[in-house]
Amino acid sequence: MEFDHVLAVRSSVRRYTDEPVSEEEIEKIIAAGERVPVGHFDFKNYAIAAITDKKILQLLAEENQALSGRGDPIYGAPLLLLIMSTPEARADSIKLNAGIMAENMHLKAVDLGLGSICIYSFIRTLNSTEGYGRYFQAMHLPEGLQPAMAVAVGHTPVPQRERRLVPRIKTFRIDGKE
Ligand SMILES: Cc1cc2nc3c(=O)[nH]c(=O)nc-3n(C[C@H](O)[C@H](O)[C@H](O)COP(=O)(O)O)c2cc1C
């Protein structure tokens, strides 16, 4: 897709079909997550897990429901990209770096014609529980990794359309002109 079209189509999708995301699409989304700037070149302290295991996604939904009462935090999406950091990552930059990785993958999903959403709520909830939650322990990832940010991806029931730009953020132009 043309880049401006990707930006215009991008929205946070909260409804998905059961259709899985293909392996080829998953690889492209992960590659987008790797093509990021990371402050202080701290790449070694970040990791991305692409989760399609229905048992893990179900466990996440159940655990989130039990702790927050908010049900499935990823709205039934068949793919969850979990961005993680190690204890050695610079603490003041983790959310910045993880956010940039998330946005790259969110936009790549749109580029592939998929729906997607950046998610932090369940990480806030479950990171405060032992071992960052049972869903996280059940994946048996290498020791020391800690969830930082997530992106859910899947097929949308209806095609996504371009949205008109509605100004939601204040912007300023400082160009020295009177
Ligand atoms: C850092 C971050 C965390 C977010 N966490 C959640 C979340 O936990 N659950 C959710 O439904 N949406 C989440 N969102 C999506 C925002 O709610 C959404 O981007 C915002 O409402 C604007 O809507 P739009 O993306 O469709 O333009 C998050 C977005 C960002 C950037």
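The values are calculated or read from the model by the stated rules, or taken from the named source; none is laboratory data. Since the model is a prediction, treat every value here as computed from it, not as a measurement. Here the Cβ is made from the backbone with ideal geometry for all residues, glycine too, and neighbour counts use every protein chain on show. The accessibility values were calculated without ligands, DNA or RNA, using every heavy atom of the protein model including side chains. Shrake-Rupley method; radii C 1.70, N 1.55, O 1.52, S 1.80 Å.
Here Ala61 clears all of (1) free of Cβ contacts under 8 Å to residues at least 60 places away in the same chain; (2) in a loop (DSSP other than H, G, I, E, B) except the condition numbered (2).
Among the residues making up the range 80-103, those that are surrounded by fewer than 21 Cβ atoms within 10 Å (Cβ to Cβ) and either part of a strand (DSSP E or B) or of a type outside the set (Asp, Glu) (or both) are Thr86, Pro87, Arg90, Ala91, Ser93, Lys95, Leu96, Gly99, Ile100.
In the range 137-162, of all residues being open to solvent by 60 Å² or more (accessible area, probe 1.4 Å), under 22 Å from Lys95 (Cα atoms) and not acidic (Asp, Glu), the one that is nearest to the ligand (Cβ to nearest atom) corresponds to Gln146. Counting the residues of the range 110-136 that are surrounded by fewer than 21 Cβ atoms within 10 Å (Cβ to Cβ), within 12 Å of the ligand (Cβ to nearest atom) and in contact (Cβ under 8 Å) with a residue 60 or more places away in the chain gives 2. As a summary of the residue check, Ala8 satisfies the conditions (1) touching an Asp or Glu at 6+ places or on another chain (Cβ under 7 Å); (2) away from the ligand (no atom under 16 Å from the Cβ); (3) not charged (D, E, K, R) except for the one numbered (2).
Any idea which residue in the range 11-53 is nearest to Ala98 (Cα to Cα), counting only those that are open to solvent by less than 40 Å² (accessible area, probe 1.4 Å), within 16 Å of the ligand (Cβ to nearest atom) and part of a loop (DSSP other than H, G, I, E, B)? Among those that are open to solvent by less than 40 Å² (accessible area, probe 1.4 Å), within 16 Å of the ligand (Cβ to nearest atom) and part of a loop (DSSP other than H, G, I, E, B), it is Val36.
Scanning the range 137-158 for residues that are among the aliphatic types (A, V, I, L, M), touching a residue at least 24 places away in the same chain (Cβ under 8 Å) and not in a strand (DSSP E or B) yields Ala138, Met139, Leu141, Leu145.
Say whether the condition of being under 19 Å from Leu59 (Cβ atoms), without any contact (Cβ under 8 Å) to a residue 12 or more places away in the chain and open to solvent by 80 Å² or more (accessible area, probe 1.4 Å) is met by at least one residue in the range 163-173. No: the range 163-173 contains no residue that is under 19 Å from Leu59 (Cβ atoms), without any contact (Cβ under 8 Å) to a residue 12 or more places away in the chain and open to solvent by 80 Å² or more (accessible area, probe 1.4 Å).
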